[in-house]
Structure formats: C-alpha cells, structure tokens
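Before any comments, here is the structure.
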Amino acid sequence: MKKTYNFNEKQKEFIDGKNLEVWQSPKFLQSKKKAIELIEEKKYNLSESDFWILMNRAKSGNKMVYTGLIISHNGCLKINDSLDEKDKFKPSSVKMERDDNNFKVMSYINDEQGIYEFGEISDKNCRNPYPYAMLLKRLQDRVILKNSKIAFDGIYSECESEEFKDGNDEKKENVIEKAQEKEHKALEQEKNNLINQLQGFLKENIVGQDGEIITEKKILNSFKTDKLDSIHIDNLREIIKRLVE
C-alpha cells in the first residue's frame with residue numbers, strides 16, 4: 001500500500017478562538033507534490049517531519065490559506081550533503097556586506113554555480129540572540145534551495161522568517177523563555193535581599209581585618225562602583241558570608 005503524506009493538513013484551523021475553513025492554494029499543492037517527490041526518491045534522505053505548512057489568514061479574515069511548505073534548516077543541510085561537490089554550499093563564497101546594529105547583510109557569489117544571493121536580517125525580522133548565526137543560516141538555506149532547484153516549487157526555508165518556525169519548536173521556546181524569566185526574577189529578588197542584609201550588617205559597625213569599620217563606601221570603592229546593585233550577585237554572597245563569619 002502506497003504511503004500517503006498530508007503534512008498535518010486540516011479541514012479547519014483553530015485561530016484566535018475560531019475554526020477557520022482552509023483553502024489550499026495552487027502554490028501549496030505544487031510544493032506538496034514536490035515534497036512528496038523528494039521524500040519518496042530518497043535522494044536527500046528527507047522525511048515528512050522535515051516539512052510543515054506555511055499558512056496565512058485570508059484578507060477577508062474568514063479563511064486560512066495554505067500558501068506553501070516550509071523545510072527545516074536540518075532538511076536543507078541534508079540536501080546540501082547529497083548534492084554534487086560542485087553544487088554544494090561554499091563558505092569561501094560568503095562575504096559580509098553590511099554590519100550595522102539593526103541591519104546585517106551577507107552575500108554569496110559563486111560564478112561557477114551561477115549563484116548571486118543575499119541573506120539579510122534586521123531587528124524587525126530576527127529576535128534571535130545569535131544574529132550572525134541566523135544570518136548565515138538564512139543565506140545558506142537560500143543557496144542550497146536554489147542549487148537544488150527546490151526553491152522554484154514554493155518550498156521555503158524555516159530560516160526565512162521567525163514566523164516560519166514549527167509550532168512545536170515555538171512551544172519549546174516559550175517554555176524556555178518562561179523558565180529563564182522565572183530564574184531572572186528569582187535572582188533579582190535574592191540580590192535585593194542580599195543588599196538589604198548587607199546594609200543591615202553595616203549599621204552594626206563591624207570591624208574589618210584592617211581594624212577599621214566596614215562601610216558601604218569602602219565596599220563600593222573596592223568594586224569601583226557607586227551602587228550596591230551594580231555588584232555581581234556572587235560577590236554580594238561572598239561579602240555576606242565573610243561578615244557572618
């Protein structure tokens with residue numbers, strides 16, 4: 001029996017509390033046909049999990065439109081590994097064209113491949129904390145999809161936009177972000193408690209090893225700062241530990 005592939009297609013998509021009817025565009029159908037062809041020919045060792053649906057809400061607001069398929073960065077790397085050597089991504093062809101704070105551009109120029117491509121990111125389309133890695137991935141995937149001719153069938157790399165990420169990955173990132181936020185708040189609270197504890201000790205006129213009273217000013221001077229909250233939490237812990245001893 002021949003295997004069927006549907007890439008998690010649905011009759012309706014639940015968006016903003018509403019079940020919206022789905023319309024499959026011709027471009028999506030073309031990309032689906034191409035993806036199935038790529039999976040079944042096993043040339044690039046791709047699987048259905050390497051793809052997911054690109055969808056957009058219709059202007060009318062009452063339908064979801066399937067507009068293409070997205071391929072993972074890992075899927076693009078699989079493709080590149082299987083290309084002929086002359087068609088593989090060549091890092092030596094990469095050049096940084098622009099490196100501003102809010103806008104970065106890399107180019108890929110390879111005359112033998114006939115490829116002249118750009119990758120670009122800005123603070124508007126990339127919130128990734130590693131912008132240079134994201135920039136290179138975006139450029140790399142564009143080149144790979146062009147060299148393999150897959151780009152011509154409505155298949156896009158996940159690196160083209162943060163909105164293209166697999167929903168499962170997004171959920172994982174949300175969990176991580178919440179955990180990091182919780183940890184940050186806990187450290188902030190601990191730091192405030194340490195500062196309050198330290199200020200309480202300083203009121204007791206504790207004498208240091210040099211025989212002089214330990215003051216807030218002396219502590220600040222030793223760390224070359226003018227605020228206690230500028231001192232790293234590890235140093236605050238150590239100061240409290242010594243005062244307690």
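No value in this document is a laboratory result; all are computed from the given coordinates. This one's a predicted model, so the numbers in the text were calculated from it and none came from an experiment. Here the Cβ is made from the backbone with ideal geometry for all residues, glycine too, and neighbour counts use every protein chain on show.
Observations, loosely collected:
- DSSP-assigned coil residues among trypsin sites (Lys or Arg not before Pro) in the stretch 16-110, each with at most 14 further Cβ atoms within 10 Å: Lys42, Lys43, Lys59
- Computed over the chain, the per-residue total of -39500 (n - 2.57) for DSSP H runs of n ≥ 4 gives a 222 nm mean residue ellipticity of -13500 deg cm²/dmol, rounded to 500.
- Loop-located GluC sites (Glu not before Pro) in the stretch 89-120 whose Cβ has at most 14 other Cβ within 10 Å (DSSP): Glu112
- The stretch 185-245: relative contact order as a whole-number percent, Cα under 8 Å and 6+ apart: 38 percent
- About its Cα centre, the chain has a charge dipole of approximately 760 debye under the convention of +1 per Lys or Arg Cβ and -1 per Asp or Glu Cβ, with nothing else charged.
- Kirkwood's formula applied to the C-alpha pairs of the chain gives a hydrodynamic radius of 22.7 angstrom.
- Top positive-direction residue, dipole computed over the stretch 12-165 with Cβ charges, set Met96, Ile53, Ala151: Ile53
- Of all DSSP-defined beta bridges confined to the chain, some 80% are antiparallel rather than parallel.
- Distant-in-sequence amide H partners of Val22 (H built 1.01 Å from N, under 5 Å): Glu13, Met64
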